[in-house]
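The values are calculated or read from the model by the stated rules, or taken from the named source; none is laboratory data. As the structure is a computational prediction, the values presented were derived from the model and not from experiment. All Cβ positions, glycine included, derive from the backbone under ideal geometry; neighbour counts span all protein chains shown. To get the accessible areas, we keep the full protein, side chains included, count just its heavy atoms, and leave off ligands, DNA and RNA. Shrake-Rupley method; radii C 1.70, N 1.55, O 1.52, S 1.80 Å.
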Amino acid sequence: MSKNSSHSRAQWGSHFGFLMAAVGSAIGLGNLWRFPYLVGSYGGAVFVILYLVLLLIIGVPLMLTEITIGQYGKTDPYGSYQRISPRISGFGSMALLCGFLILCYYGTIGGWVTYYSMVYLFSLFGGAGIPEGKAVDIFMEMISRPGIAISWHLVFMLSCIIIVLGGLDKGTERANKVMMPALFIILLVLAFVSMSFKGATAGLDFYLKPDFSKMSLSVAGEALGQVFFSLSLGMGAMLTYGSYLKADQSAKRNSVLIPSFDTMAALLAGFVIFPAVFAVGMEPTSGAGLVFVTLPEVFNKLPAGNLIGFLFFVTVFFAAVSSAISLLEVVVAYFIDQKKTPRKKATLSVGVIAALLGILPALSQGNGPLAKATISSLFGSPEWMSSIRLLNLAAFDLLDYITGRIMLPLGGLALCITGGWIMGKEKLLSIITKDGERPFKLAGVYFFIVKYIAPIAILIVFIQALSGG
Ligand code: TRP
């Protein structure tokens, strides 16, 4: 089954394999890094509730729509949209571009995670690890030293390239079948450890008891953006994975299972992080630094902190790799399906180009004073690094903004337009139910959401975000 030549397209080895790969795509930095820091910054439980509600009413229906488009199209995003109507093949191009751009900057954080896993690994064998009070310095040093920032970014990208080179079933599927169960086991253990600390209940209160005064449209906007990002929706990852799914496998069931696992991982990450953070008397509001700066200090105060740190960052590494592979896999699928490029060549070229372009965002984070000092000692010119700016944003932030705030919502809108308006009720539902063979009780509600509710919600949030919200 693993022949990827043009005449026999790859398929998943097993249904479990597909599920783990899709879950692997969904569970990523979005769950273990982004979700906790958004919860920490946007008022705790209120964000969690908004997230869950939006996930249920918009995330799940659009997941079903995206997998169905792939299962129907049986090819990469470009080809799948084109098969539905040549007028909308542009949706596919946008998805591919978006996936590629996310891949470019995903490697930045992926590199940080790889570096932290290594620092903690060595700490188990006598290395210094991240000594008390030093987490900020170590973080700053990592992001501002070009040597560290670039090499670990490249190590991360290389890991992904190697897995995708292995092929759909022998690489992507097999890696995920190991990494995903391991991830859940480690997270569960860590959550129990974290909740057993004295003083953990303050963290649980913050995480679970909503303070509704913190609710606002902009928090809802962040939550909806997070739904898209976390579920890998809107840029063809689920579409591509769905395209390798046989017609008799139910997209509907998977559209419930994938978000369920994804949400469990995100919620578990919260149960690992918040009780521990509060137990040692720290604040969860440090934003993007929560996992890289606050958490290591938390680990420092815990028994067996280095071991916990190692397990945590290895888990994040697994999650990040499995998501990055899905981003790579989307673009690779395009070249295999549309351009008949052999998998090896497609993977290597796309992967290497993304890794090289990814050096820009990887470097662009080091704009602080320490960064400038380090660079000036290395290169004599403190200015060049901060000049990696486009439209006055650091390359990383620019990519994050363009993909997260503009392209993913547009990709979501593309799903609604395609499913709700272009395919239409009859066609969409007949594919999902396999001409009525499979029951679908909520079909009416589902379609109403795809056609009206979801696009309106996305538009509101989109306009609000563009207007600077
Ligand atoms: N979902 C992944 C995460 O939570 C990131 C990701 C992988 C993604 N593939 C994607 C995001 C496609 C958007 C679209 O980290």
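Observations, loosely collected:
- Residue check for Y106: within 15 Å of the ligand (Cβ to nearest atom) and either of a type in the set (S, T, N, Q) or crowded, with 24+ Cβ neighbours inside 10 Å (or both): yes
- Close pairs (7 angstrom Cβ cut-off, 6 or more residues apart or separate chains): free of Cβ contacts under 8 Å to residues at least 40 places away in the same chain in segment 395-408, surrounded by fewer than 22 Cβ atoms within 10 Å (Cβ to Cβ) anywhere: L398/L390; L398/L391; Y401/L393
- A355, sole failed condition from (1) assigned to a helix (DSSP H, G or I); (2) within 25 Å of S123 (Cβ to Cβ); (3) away from the ligand (no atom under 16 Å from the Cβ); (4) small (G, A, S): (2)
- Being within 16 Å of the ligand (Cβ to nearest atom) and either modelled with pLDDT of 95 or more or not in a helix (DSSP H, G or I) (or both) is not true of L428.
- The residues of segment 201-247 that are aromatic (F, W, Y) and within 13 Å of the ligand (Cβ to nearest atom), listed by number, are F228, F229, Y241.
- The selection criterion, being closer than 26 Å to S326 by Cβ and of a type in the set (A, V, I, L, M), holds for I57.
- Filtering segment 336-349 to residues that are under 23 Å from the mean Cα position of the chain (by Cα) and in contact (Cβ under 8 Å) with a residue 60 or more places away in the chain leaves T347, L348.
- Screening K134 on (1) within 19 Å of A395 (Cβ to Cβ); (2) among the basic types (K, R); (3) free of Cβ contacts under 8 Å to residues at least 24 places away in the same chain shows it passes everything except condition (1).
- Residue in segment 85-108 that is outside any helix (DSSP H, G or I) and without any contact (Cβ under 8 Å) to a residue 12 or more places away in the chain present: no
- In this entry, L96 passes the filter for residues that are over 15 Å from A266 (Cα atoms), touching a helix residue (DSSP H, G or I) at 6+ places or on another chain (Cβ under 7 Å) and within 12 Å of the ligand (Cβ to nearest atom).
- Helices (runs of 4 or more DSSP H) (entirely within segment 1-78) containing at least 2 residues that are within 14 Å of the ligand (Cβ to nearest atom), open to solvent by less than 10 Å² (accessible area, probe 1.4 Å) and modelled with pLDDT of 90 or more: 15-26, 35-41, 60-73
- Criterion violated by M180 - all others in (1) within 16 Å of the ligand (Cβ to nearest atom); (2) part of a loop (DSSP other than H, G, I, E, B) satisfied: (2)
- Complete set of residues in segment 138-158 that are small (G, A, S) and either open to solvent by 30 Å² or more (accessible area, probe 1.4 Å) or at pLDDT 95 or above (or both): G147, S151
- In the condition set (1) polar (S, T, N, Q); (2) more than 22 Å from S216 (Cα to Cα); (3) at pLDDT below 85; (4) out of contact with any strand residue (DSSP E or B) (no Cβ under 8 Å at 6 or more places or on another chain), Q365 is compliant with all but (4).
- Matching residues, segment 81-122, being closer than 19 Å to H153 by Cα and small (G, A, S): G99, G107, G110, G111, S117
- Residue within segment 147-154 that is assigned to a helix (DSSP H, G or I) and touching a Pro at 6+ places or on another chain (Cβ under 9 Å) present: yes
- All positions within segment 237-287 that are acidic (D, E) and modelled with pLDDT of 90 or more: D262
- Hits in segment 294-348 (condition: small (G, A, S) and open to solvent by less than 20 Å² (accessible area, probe 1.4 Å)): G305, G309, A319, A320, S322, S323, A324, S326, A333, A346
- 3 or more residues out of contact with any strand residue (DSSP E or B) (no Cβ under 6 Å at 6 or more places or on another chain) and surrounded by 24 or more Cβ atoms within 10 Å (Cβ to Cβ): qualifying helices (runs of 4 or more DSSP H) within segment 194-289: 217-230, 237-243, 251-279
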